[in-house]
Amino acid sequence: MTPPSPANHQPPPPPRGGSDAQAPQRTTTGDPVSVVAWAAVRLSARRLAGLALLWWVLTEGSAWAWGVPVILITALAMPLSGLSRLHLPACLALCPVALWLALRGGVQVALLACRPRLDLHSAVIDHRWSCLPEGPGRLFMASLINLIPGTLTVRLAADRLVVHVLHLTPATTRDLAVLERRIARLHADQKEID
């Protein structure tokens with residue numbers, strides 16, 4: 001028996017139905033189409049507009065000869081963050097909470113500094129993660145805590161966040177829990193958090 005000739009050989013038909021029938025074929029890394037697709041995702045209008053706005057704010061609207069190359073290079077080098085999946089109402093709800101914590105912390109630190117005798121109750125506390133999944137949300141919370149006067153993130157662990165507090169009050173642990181829930185709502189539905 002002779003093997004079939006290449007002219008008579010036909011590839012098997014594509015599968016019918018199921019998820020495989022609708023899935024696009026993957027391209028290789030060196031394929032020009034995949035490189036263009038990679039660049040198109042990173043150079044999206046929203047990303048470029050956000051970086052241009054940031055450049056405009058930082059430079060007070062000047063130095064665009066430097067700004068355009070910096071914006072393009074940053075957009076290409078910056079990893080995709082998933083910011084498009086953030087819930088706008090949750091972002092708006094987080095802003096006043098973060099501002100209140102920062103304002104209250106600043107006033108508290110100023111009052112402690114003005115006292116003739118410092119009566120500090122500094123402590124290192126463990127905040128156990130209750131609803132914030134592992135990922136960028138936890139890193140965001142750890143960074144946000146560093147911006148609140150009188151608090152400092154010591155360690156970000158898989159099961160907890162270790163925080164140094166300049167003046168420990170009964171509200172400190174409650175405030176950390178509220179902040180965690182607000183940040184978790186940025187990425188999740190309300191039903192998943194409560």
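Computed from the coordinates by the stated procedures, all read-outs in this text should not be read as laboratory data. This structure is a prediction, so every number in the text was calculated from the model and none was measured. We place every Cβ from the backbone using ideal geometry, glycine too, and count neighbours over all the protein chains shown.
Can you tell me which residue is surrounded by the fewest Cβ atoms within 10 Å (Cβ to Cβ) among those in the range 149-171 that are hydrophobic (A, V, I, L, M, F, W, C) and over 18 Å from the mean Cα position of the chain (by Cα)? Break it down stepwise before answering.
Narrowing the range 149-171 to residues hydrophobic (A, V, I, L, M, F, W, C): 152, 154, 156-158, 161-163, 165-166, 168, 171.
Then drop every residue that is not over 18 Å from the mean Cα position of the chain (by Cα), which leaves 152, 154, 162-163, 165-166, 168, 171.
Working: L152: 15, V154: 14, V162: 15, V163: 24, V165: 22, L166: 16, L168: 16, A171: 10.
This residue is A171.
Scan the range 92-139 residue by residue and report those that are under 15 Å from A177 (Cβ atoms) and among the polar types (S, T, N, Q).
Selection gives S130 alone.
Scan the range 134-148 for residues that are of a type in the set (D, E, K, R) and surrounded by fewer than 16 Cβ atoms within 10 Å (Cβ to Cβ) and jot them down. Steps first, please.
At the first step, the residues of the range 134-148 found to be of a type in the set (D, E, K, R) are 134, 138.
Within the range 134-148, just E134 meets the criteria.
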